[in-house]
1. For region A:396-452, enumerate the residues that are among the acidic types (Asp, Glu), assigned to a loop (DSSP other than H, G, I, E, B) and without any contact (Cβ under 8 Å) to a residue 40 or more places away in the chain.
2. Looking at the structure I just gave you, is A:ARG121 closer than 18 Å to A:PRO220 by Cα and loosely packed, with under 12 Cβ neighbours inside 10 Å?
3. I need the full set of residues from region A:7-35 which are surrounded by fewer than 16 Cβ atoms within 10 Å (Cβ to Cβ) and under 16 Å from A:ALA76 (Cβ atoms), in order please.
4. For region A:334-353, give me each residue that is near RNA strand B (Cβ under 6 Å from one of its atoms), assigned to a loop (DSSP other than H, G, I, E, B) and either among the hydroxyl-bearing types (Ser, Thr, Tyr) or over 15 Å from the mean Cα position of the chain (by Cα) (or both).
5. At least 1 residues that are over 41 Å from the mean Cα position of the chain (by Cα) and of a type in the set (Val, Ile, Thr) in each: list the helices (runs of 4 or more DSSP H) lying fully within region A:486-534 that qualify.
6. Given the criterion buried (at least 19 other Cβ atoms within 10 Å of the Cβ), over 20 Å from A:ASP439 (Cα atoms) and either away from RNA strand B (no atom under 13 Å from the Cβ) or not hydroxyl-bearing (Ser, Thr, Tyr) (or both), identify the matching residue among A:ALA516, A:ALA497.
7. Can you tell me which of (1) out of contact with any Lys or Arg (no Cβ under 8 Å at 6 or more places or on another chain); (2) hydroxyl-bearing (Ser, Thr, Tyr); (3) surrounded by 14 or more Cβ atoms within 10 Å (Cβ to Cβ) is the one A:THR132 doesn't meet?
Amino acid sequence: MLPPVEHDVAHWEARYPARSLPEGAQVTRFAPSPTGFVHIGGVYTAMISQSVAHGSGGTYFVRIEDTDRAREVADAVEQFDRAFAYFGIESDEALGQVPWGPYRQSDRAQIYLTYVRELLRSGRAYPCFCTTDDLAEIRAEQDAAKAGTGYHGQWARCRALTDDAVEGRLGAGLSAVIRFAAPDDPGARAVFTDAIRGEIEQQDNVNDVVVLKSGEHRMPTYHFAHAVDDHLMGVNLVIRGEEWISSVPVHLQLFAALGFDAPTYAHVAPLMKLDGSSKRKLSKRKDPEASVDYFIEKGYPAAAVRHYLAGLANSNLAELDAAEAAEIPIALDRCSVSGALVDLAKLDDIAADVVAEMDLDDIVAAVDIWADEFDVDLAAAARSEPDRLRSAFAIGRGTDRQRKDVGRWSQVRLVFGFLLDAVFAPVTDPADERFGGVDPDVVRALAADFADAFVAEPDPTLWFEQVKALAGRHRFALNKAQLKDDPDAYVGLLKDAAQVVRVLLAGSTRSPELDAIAAILGPDEVRRRLRAVI
RNA sequence: GCCCCCAUCGUCUAGUGGCCUAGGACACCACCCUCUCAAGGUGGCGGCACGGGUUCGAAUCCCGUUGGGGGUACCA
């Protein structure tokens, strides 16, 4: 009925030693299934698991739950590794380094088989030959009788099969799944204490769930693998999505039948998305921002995403800045119990703050890495003038002129790209609308004059005095009162003249202060850009 | 259908019976600062889903309703 196994249960129990960890240390895991990309909700639960484990002096690891080979997506595991690395939620336990692996369930088939045999031997499991059609038939009968669905009671046909009947079917070549023989007490209640939600009581499980699937691989179901793996791997705190709450009764029964201590459970509220006017769970298929790739492509610093997520879990952390909050472990009993909507505007706000606090070298390095993958032209330009972007991010650092233009690397081109000669497109038409309607002749004269008169000047105030002088020479009023007194004497306001200079230097009506960009560009480049319009 | 989870400004939330004519953050609006933008400052808009209880007193406790989410697979 089952493939042979080399070992017995005692062997595996001995092979997986108890962990020697300090009192109160939590061992947690993140157990994604490689059926697609990593979901941002996955990063959320992984981060909580990691934070709680580390905060308690325990361990966090990643286990790949690839028991459903039919739905497995190629390269998913590689994508996982990339995402984990980006967000800093890699496993504490590397393959081969430690005795609790392997960490991929498809490599653990022998172990599951051993424990299934044990269950069979003790009468807590039995083979079931029902086909999909049989199951559908049972379902239909239950619907008609308004009975609870599932494989239980009078509907559990194969549970009563005699040994001879089983032999007969096996002999006829029928394939069997192995079902858990659940306690069949329809009135029973199951109670457990959730580390986030407190006591939860529900109907106990009466369903003879499948523990081992059919097919050549003879893989376990999630339920069974969860019990066996988390027991053997020493997990004492299972943090997972809320959708698992209703499976807890089955899991508790499985742990008991196997003679294992059940872990503590903590069920995290799902991340939601506003769809029209209603909230719904973020969907892998429908929502691009559900994928971690979205955040990586946009170039959000991992610290920003982590801080945003941490604030969703524990709102007190949201009041701290990212660096401070990162030092404080997430507290399960402070986790919110209702699903939060992912608010990208909030993330952007946090990201801008995070970038503002980042080390300049780290920023430049991060932009390089991001641009190499998502904007190669920008990467090349940045590398040929290595100091330009660095200086741009340095504008006003630590002063009241501190800027927060950039929260994700995809914004760099738009905000600071003009500082790179290879990205900048000179403005050559004096009638360009970006000049705000200033007479083309005046634009030309202003540019020519400033190109000649301009001198480098480190003091921002003194630097801007040059613009004031320039504006005065070309009949721009220094303030509104002046203009009002004698409207015919002026062609515009100081600000209009400054804008002409800005457009010439930045190619945009919006930029950091003129003195700052002129200092970054250097006098030669400033003159070159001014003269482009002459 | 049955079972479970959840419910405070648009969003994330503080609130654990009197400190609440409900506080903060993001977003939005206005003003200030100002060479534009960003940032920053000040102010504004805006909420306890509904109905019953319990209590001297309820956003807070209980019940119900409604609404939202999830489960009910040889998916995780």
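The values are calculated or read from the model by the stated rules, or taken from the named source; none is laboratory data. Owing to the predicted nature of the structure, the values given are computational and were not obtained by experimental measurement. Cβ sites come from the backbone with ideal geometry, for glycine too, and all protein chains shown count toward neighbours.
1. A:ASP400, the sole residue that qualifies.
2. On the way: closer than 18 Å to A:PRO220 by Cα: yes; loosely packed, with under 12 Cβ neighbours inside 10 Å: yes.
It is true that A:ARG121 is closer than 18 Å to A:PRO220 by Cα and loosely packed, with under 12 Cβ neighbours inside 10 Å.
3. Residue satisfying the conditions is A:THR35 alone.
4. A:SER336, A:VAL337, A:SER338, A:GLY339
5. By residue number, A:494-506, A:523-531.
6. Unique residue meeting the criteria: A:ALA516.
7. Failing condition for A:THR132: (3).
Condition check ((1) closer than 18 Å to A:PRO249 by Cα; (2) under 40 Å from the mean Cα position of the chain (by Cα); (3) among the hydroxyl-bearing types (Ser, Thr, Tyr)) across all residues:
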| position | (1), (2), (3) |
| --- | --- |
| A:THR132 | no, yes, yes |
| A:LEU135 | no, yes, no |
| A:ILE138 | no, no, no |
| A:ALA156 | no, no, no |
| A:VAL206 | yes, yes, no |
